[in-house]
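Each reported figure results from applying straightforward, stated rules to the coordinates on display, with no laboratory input. Because the structure is predicted, anything quoted here is derived from the model rather than measured. Positions of Cβ are backbone-derived with ideal geometry, glycine not excepted, and every protein chain shown enters the neighbour counts.
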Amino acid sequence: FEDIVHKTKPSKREGFFFKKEINSEERLILKGISGIVFPGELLAILGPSGSGKSTLINALGGKLNDSNITKGTITYNGKPLSKSVKQNLGFVAQHDIFYPHLSVNETLVFSALLRLPNSLSKQEKMLKVKEVIDELDLNHCKDTIIGGPLLRGVSGGERKRVSIGQELLTNPSLLLVDEATTGLDSTIARKLVMNLCELAKGGRTVVMTIHQPSSKLFHMFQKILLLSDGNGMYFGKGDYVLDYFSGIGYSPLVAMNPTDFLLDLANGLLWWHSKPGHIKDKVGLLFYYTQFCGFIPMVQTLFTFPEDRAMIIKERSSCMYYRLSSYFIASNVIDLPVQLFMPTLFITITYWMGGLKANASNFFQTLSVSLLYAMVSQSIGQAISAMLFKNDDIYSCGENVTCLVGNYPTIKHIGLDNQGMSVAVLVAMLVGYRLIAYFALIIRMTHN
């Protein structure tokens with residue numbers, strides 16, 4: 001396959017009683033992907049979610065919707081994709097679809113009777129089913145029903161092997177498997193990949209997409225194609241991928257799963273100089289700003305006051321007279337530069353990497369709003385921290401005199417004892433606001 005480009009067309013949404021045009025722009029999914037796989041090789045297509053793995057393997061299998069646009073060259077032994085070529089191609093979709101009440105053997109027999117040519121006798125077809133069951137090690141569960149969401153049957157790994165078995169019945173020279181190990185634990189996933197490796201060693205060409213394989217699985221891949229946002233980051237032998245990225249300045253700082261390193265690298269490049277049309281990437285980066293600037297300052301200040309409480313009481317009871325407002329202001333003045341340093345550093349670096357508007361005005365506006373968000377989050381953390389004072393805590397209310405926090409005038413007026421009532425009010429608000437939202441939605445939909 002060479003220079004595969006795929007983009008989606010604007011679509012129309014149709015219903016029973018209406019037709020509505022959706023004014024959506026064309027979206028580029030694959031951006032010139034190339035590669036080659038020989039008989040006896042297993043190619044693993046890696047990449048984060050949304051990188052184009054499934055789209056590429058569907059393009060290779062001729063499964064893409066005709067309403068979309070696919071460009072490039074896909075050939076099999078030098079021949080373009082055609083109906084006759086598809087007969088030598090097996091495609092295993094991501095989601096396994098079976099009749100839940102049929103056993104493994106019955107499922108494969110049913111497929112064999114319908115898919116194998118009429119030139120074969122029934123006995124020959126049954127013999128082919130037996131060979132597939134032996135090849136995929138399904139003898140122990142051949143009489144077990146497939147099962148479904150409400151009916152217990154074979155395991156997830158066995159279901160996937162049955163899906164592969166259905167394709168092997170036609171003895172394809174090329175096998176495409178989409179998300180082979182999704183939903184499987186590491187042990188079952190390893191067995192499944194070993195099955196695919198054995199199929200490749202038998203002379204077949206195997207291409208599979210896989211999301212996040214373990215380090216043991218990673219070293220089984222003969223070839224790797226790494227995708228990031230529809231772009232090809234690496235294509236070549238799996239043994240050389242880490243050396244390749246190390247040679248261009250990207251190497252893991254600590255010992256880690258090679259796949260985790262590659263996916264982290266691919267995810268990082270999603271935001272590196274994002275194009276103007278990639279609005280989702282930019283929204284994702286700005287959303288991450290809010291999480292970074294909101295969560296960290298709040299957590300760091302959450303236990304400030306409870307930790308200082310004992311010291312404040314000791315100092316004030318030892319005639320070290322200072323106003324509580326002095327402590328509060330000093331605490332804020334000391335903490336604020338520390339709380340704002342990390343968000344400032346983070347945004348200063350990532351703003352220009354992410355391809356956001358490259359001018360000083362927009363940068364400082366983004367930075368100012370993010371720092372304001374950080375300060376508000378810090379204030380929330382302080383408020384929660386202050387409320388962690390218990391009702392039986394004490395404070396200095398005069399010279400060598402301590403009083404209960406619960407007797408402080410403002411706190412006493414509000415009261416800290418009716419916690420059950422407070423919870424009830426919160427639950428009422430939870431339900432009430434959702435009812436308001438529901439009725440408001442009804443009104444809006446009625447007017448529309």
Sorted by Cβ density within 10 Å, fewest first, the residues I296, I384, I4, I334
I334, I384, I296, I4
In which sequence would S163, S155, S82 go, from the one with the fewest C-beta neighbours within 10 Å to the one with the most?
S82, S155, S163
Show me, for region 148-158, the HN-Hα J-couplings you get by feeding each phi into the Karplus relation (A = 6.51, B = -1.76, C = 1.60, θ = phi - 60°), rounded to Hz, glycine and proline as x.
x, x, 10, 9, 6, x, 6, 6, x, x, 5
Rounded to whole Hz, the Karplus (6.51, -1.76, 1.60) HN-Hα couplings of region 332-339, x for glycine and proline
5, 5, 6, 6, 4, x, 5, 5
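For each of S246, S214, S119, S51, count neighbouring Cβ atoms within 10 Å of the residue's Cβ, then give the residues from fewest to most. Don't skip to the end; give the middle numbers.
On the way: S246 11, S214 18, S119 6, S51 26.
Ascending number of Cβ neighbours within 10 Å: S119, S246, S214, S51.
Distance check, please: which entries in K7/K71; K83/K237; K63/K86; K201/K223; K7/K63 exceed 20 angstrom between their Cα atoms? Show your work: numbers first, answer last.
Values: K7/K71 9 Å; K83/K237 31 Å; K63/K86 11 Å; K201/K223 14 Å; K7/K63 14 Å.
Among K7/K71; K83/K237; K63/K86; K201/K223; K7/K63, the Cα-Cα distance tops 20 Å for K83/K237.
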